[in-house]
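A.B. asks: Sharing a structure, written as structure tokens. Questions coming.
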Amino acid sequence: MGKQYERLTDRLRAFIAAQPVFFVATAPLSADGHVNLSPKGRSGSLAVLDEHRLAYLDFGGSHAETIAHLRENSRITLMWCAFDGPPTVVRVHGRGEPVFRDDPRFPELVAAMADADDVGVRAVILVTAERISDSCGFAVPYMDYREERTLHAEYFGRKGEDGFAEYCEGKETNVESIDGLPALPVPLPQR
């Protein structure tokens, strides 16, 4: 059944790279706060940087819960499920940090995901693994991957940089979380 790993092995890296979608979970410190769980999946938007670090592109949208929670406490879990092939679930529990567009590390981290369409990127989420594990995916259904959705990139591509910055500033839940925590710093830094 389940096993813990000291590092992201070649086998785990291959498994992660083969999954078209992953899930991100974060939570505020407040017992009354809302736990957040988000699907991620734009092609090429995740990179395993080394044996303990991963990064993914954080795209603009209607909320910025992950960013707000990481700014408050840095706790994060990433999860991948096999929807085809052998039944497997991989989890990485760790510490995350939003790396914003004005951070000197931002260009290098985005370059690690050179195959991604980075239209609408507001930050890179940098994750350092503290616990890496897998478990059976016996209850995870088989599902067939069909194709990427392009609506997000098309929508923000039409807006351009200025329109994207205006969108981020205009959405209250981009500036602060649903629990009132600071989220995306505005004005959004230019790339």
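The values are calculated or read from the model by the stated rules, or taken from the named source; none is laboratory data. If you're wondering where the values come from, they're calculated on a predicted model, not measured in any experiment. As a convention, Cβ positions derive from the backbone with ideal geometry for all residues, glycine included, and neighbour counts pool all protein chains shown. Note: areas computed on protein heavy atoms with side chains; ligands, DNA, RNA excluded. Shrake-Rupley method; radii C 1.70, N 1.55, O 1.52, S 1.80 Å.
A.B. asks: Could you sort S74, S30 by their accessible area in this structure, using a 1.4 Å probe and putting the largest first? Write out the running numbers ahead of the final one.
C.D. replies: On the way: S74 30, S30 65 Å².
Largest accessible area first, the residues go S30, S74.
A.B. asks: Which sequence of H69, H52 reflects their accessible areas, 1.4 Å probe, from the largest down?
C.D. replies: Numbers: H69 0, H52 70 Å².
My answer, sorted largest first, is H52, H69.
A.B. asks: May I ask you to give the percent of accessible area on the stretch 46-150 that is carbon plus sulfur, with a probe radius of 1.4 Å?
C.D. replies: Working: 2540 of 5090 Å².
The C+S portion of the solvent-accessible surface of the stretch 46-150 is 50 percent.
A.B. asks: Roughly how many whole Å is it from the C-alpha centroid of the stretch 35-82 to that of the stretch 90-132?
C.D. replies: 8
A.B. asks: Here is a follow-up. Sort C81, C136 from largest to smallest accessible area, using a 1.4 Å probe on the heavy atoms of the protein chains. Write out the running numbers ahead of the final one.
C.D. replies: Details: C81 10, C136 45 Å².
I get C136, C81, largest accessible area first.
A.B. asks: When Rg is the radius of gyration of the Cα atoms in the stretch 43-191 and Rh is its Kirkwood radius, what does Rg/Rh come to? Don't skip to the end; give the middle numbers.
C.D. replies: On the way: Rg = 16.3 Å, Rh = 16.6 Å.
For the stretch 43-191, the value is 0.98.
A.B. asks: Compute the Cα gyration tensor for the stretch 76-141, then decide on rounded, prolate or oblate, letting a ≥ b ≥ c be the square roots of its eigenvalues: rounded whenever a/c is under 1.5, prolate when a/b is larger than b/c in the other cases, and oblate in all that remain. Please report the intermediate quantities before stating the final value.
C.D. replies: Working: a/c = 3.35, a/b = 1.89, b/c = 1.77.
Prolate.
A.B. asks: How about the stretch 98-134: which trypsin sites (Lys or Arg not before Pro) there lie in a loop by DSSP and see at most 13 other Cβ atoms within 10 Å?
C.D. replies: Working: sites: R101, R105, R122, R131; in loops: R101, R105.
Loop-located and lightly packed - R105.
A.B. asks: With N set to the residue count of the stretch 121-181, report its C-alpha Rg divided by 2.2 N^0.38 Å to two decimal places.
C.D. replies: Values: Rg = 17.9 Å, N = 61, 2.2 N^0.38 = 10.5 Å.
Here the Cα radius of gyration is 1.70 times the empirical estimate.
A.B. asks: Tell me, what is the FRET efficiency for R149 and F23 to the nearest 0.05, using R0 = 22 angstrom and their Cβ-Cβ distance as r?
C.D. replies: Details: r = 16 Å, r/R0 = 0.75.
The calculated FRET efficiency here is 0.85.
A.B. asks: Is it possible to state the helix-based mean residue ellipticity at 222 nm for the chain, with each DSSP H run of 4+ residues giving -39500 (n - 2.57), the sum divided by total residues, to the nearest 500 deg cm²/dmol? What is it?
C.D. replies: Values: 5 runs with 48 residues, N = 191.
My calculation for the chain gives -7500 deg cm²/dmol from helical runs alone.
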